[in-house]
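For reference, the structure is listed below as structure tokens.
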């Protein structure tokens, strides 16, 4: 399409103080965020968090109660869905059952007023892009779930939307296919340069594909950031707990000095970590430590460490999880990779060990 | 897919063949006693000779069919020319039944759509409301309709009172009155099958169409209607077929001019003027026509389904 703007800071979608209420139930509370052009943006959260509602508002299927939604600078609230230059990949594909694969893919272009021949030619190209040319004349019911998924993708991409909305598109596929589709989707996004807004409840999916992730829960935006930042520097307990696995420890902050906080874990354990704005001396908060940022040793190392007793080792394929009981404190989980290097650090249950922490591994969380 | 289904069916029939024969016996009995036997009787009667005070003489005769199709002049001794009287009645019946079907579809489809899109809890209530008038006998309903529509009836009173018209509309004894009567008699048969298929419709398909730039009208035409087509066809058949053979509405609302097949057949079996073989022959011709229409529709639907995989 004519729009060749590739500057990373062109804003594709801007959500401005958007609230959605159904009667007395508030589905979304004052959400504000901007999505850049060419971005792979993910709305991540558990079911009922409002992520699908937000997506449907961008598509035009739900009214906005308060606030505005802009698409490339234009207010779109008054436009019905068929006037918005966005397309959607629906959760259960929603392919037209009485039309062939080609007719499904050509539908949007025909509606835009292209000639039947042109629409079909373009549909052919799209089917090639998703490697389904062989199935062009089939009916959707004659395709597997994965193939239907690709048809839905081709259909939504064919009209060259400015923004593609994807509503949990992989959730109906089996694990292997889901994993393969992640890379395909990411590649497709790079190839087409179309902004993708992807809704999922699967944190792994979100982490592998997204440029940026908006973590949502209970109708609120919990944290917005690059995949890596969300994982490494979760802002609050919900984000730390929802994304990946973590050790959540209750701590009280003894002292905050020079951007470092000294925290008391109870049982005589003291850890120091980066201070976080809004958490001062005397605060009772949670601390998150990712299990893979911990390692075990017999004696003290240069790193900060906690002494404890190995309770159990759990084999999880790629990793080995070691559960260590701290005295008077909670259990703490340590993850070592199942490699020669990692296996060298396996300790038998009952053994006294030091749990060492990589620098920057401990994060204080607001509640 | 079709091949797979067929082979599955034959495998099962090998295993359960005997049981199936016995279990289907009641169905065959019902079909024989209530459908096949009466039709066979009618077929036989249509080839018998008429008795003047009703009834038949057991003598083979083609007179009934001859009377239907052939005009042999005043004294019945001329060669066969096409007799238009009955063909016209048939044609008018088809036209009337067709108009009533279209009217039912135009009113019934939005009604069914409305009910199917209500919250699940209240849908049975709406269906119930639709069927309530049909607890009253058809004859009483049709007579009541005549009272509503007649020149001094409530409808005309209302239109006159509001000043919309100056003279009462003459509706009774017109084709339109018959169409209205038929429409009202069989409306639920249109609403219920369409409701059933719209209720099963995946409304995400309509969203997908809107998402792909289709207007509401295009979505209806290209996505919703094809998806609920079986319900629409079933509804049309269920209204058209009984309308075609109906005699209450034409008799009571249409007057003598707007005679339909149902009335023609009814008269042959009523009182002393009757002609049983001719009534039976007319019924057989009607049956044949309906069967041909149904076959065409069934073939079309089968083709559509084959196309849809």
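The values are calculated or read from the model by the stated rules, or taken from the named source; none is laboratory data. Treat the numbers as computed from the prediction; the structure is a model and nothing was measured. Using ideal geometry, Cβ is built from the backbone for each residue, glycine included, and neighbour counts are taken over all protein chains shown.
Numerical summary
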{"quantity": "Selected residue [in contact with a strand residue (DSSP E or B) (Cβ under 8 Å, 6 or more places away or on another chain), crowded, with 16+ Cβ neighbours inside 10 Å and closer than 22 Å to residue A:186 by Cα] from A:249, A:265, A:224", "calculated": "A:224"}
{"quantity": "Cross-chain or 6+ apart pairs with Cβ under 6 Å, region B:124-150 first and part of a helix (DSSP H, G or I), then loosely packed, with under 15 Cβ neighbours inside 10 Å and modelled with pLDDT under 90", "calculated": "B:148/B:154"}
{"quantity": "Count - residues of region A:77-102 that are closer than 17 Å to residue B:215 by Cα, buried (at least 21 other Cβ atoms within 10 Å of the Cβ) and more than 7 Å from chain B (Cβ to nearest Cβ)", "calculated": "2"}
{"quantity": "Residues satisfying the stated conditions in region B:198-225, i.e. surrounded by 20 or more Cβ atoms within 10 Å (Cβ to Cβ), in contact (Cβ under 8 Å) with a residue 12 or more places away in the chain and either more than 13 Å from every other protein chain (Cβ to nearest Cβ) or not in a helix (DSSP H, G or I) (or both)", "calculated": "B:198"}
{"quantity": "Subset of region A:103-126 [surrounded by fewer than 23 Cβ atoms within 10 Å (Cβ to Cβ) and more than 12 Å from chain B (Cβ to nearest Cβ)]", "calculated": "A:115, A:116, A:117, A:118, A:120, A:121, A:122, A:124, A:125"}
{"quantity": "Flag if residue A:129 is more than 30 Å from residue A:27 (Cα to Cα) and modelled with pLDDT under 90", "calculated": "yes"}
{"quantity": "Tally, over region B:29-51, of residues that are over 22 Å from residue B:261 (Cβ atoms), touching a residue at least 12 places away in the same chain (Cβ under 8 Å) and not in a loop (DSSP other than H, G, I, E, B)", "calculated": "1"}
{"quantity": "Residue in region B:52-63 that is in a helix (DSSP H, G or I) and on the phi < 0 side of the Ramachandran plot present", "calculated": "yes"}
{"quantity": "Pick from region B:268-292, criterion at negative phi and out of contact with any helix residue (DSSP H, G or I) (no Cβ under 8 Å at 6 or more places or on another chain), ranking: surrounded by the most Cβ atoms within 10 Å (Cβ to Cβ)", "calculated": "B:270"}
{"quantity": "Residue match in region A:150-164 (condition: assigned to a strand (DSSP E or B), more than 10 Å from chain B (Cβ to nearest Cβ) and in contact with a helix residue (DSSP H, G or I) (Cβ under 8 Å, 6 or more places away or on another chain))", "calculated": "yes"}
{"quantity": "Test result for residue A:146, touching a helix residue (DSSP H, G or I) at 6+ places or on another chain (Cβ under 7 Å), over 28 Å from residue B:228 (Cβ atoms) and either part of a helix (DSSP H, G or I) or at the interface with another protein chain (Cβ under 8 Å from one of its Cβ atoms) (or both)", "calculated": "yes"}
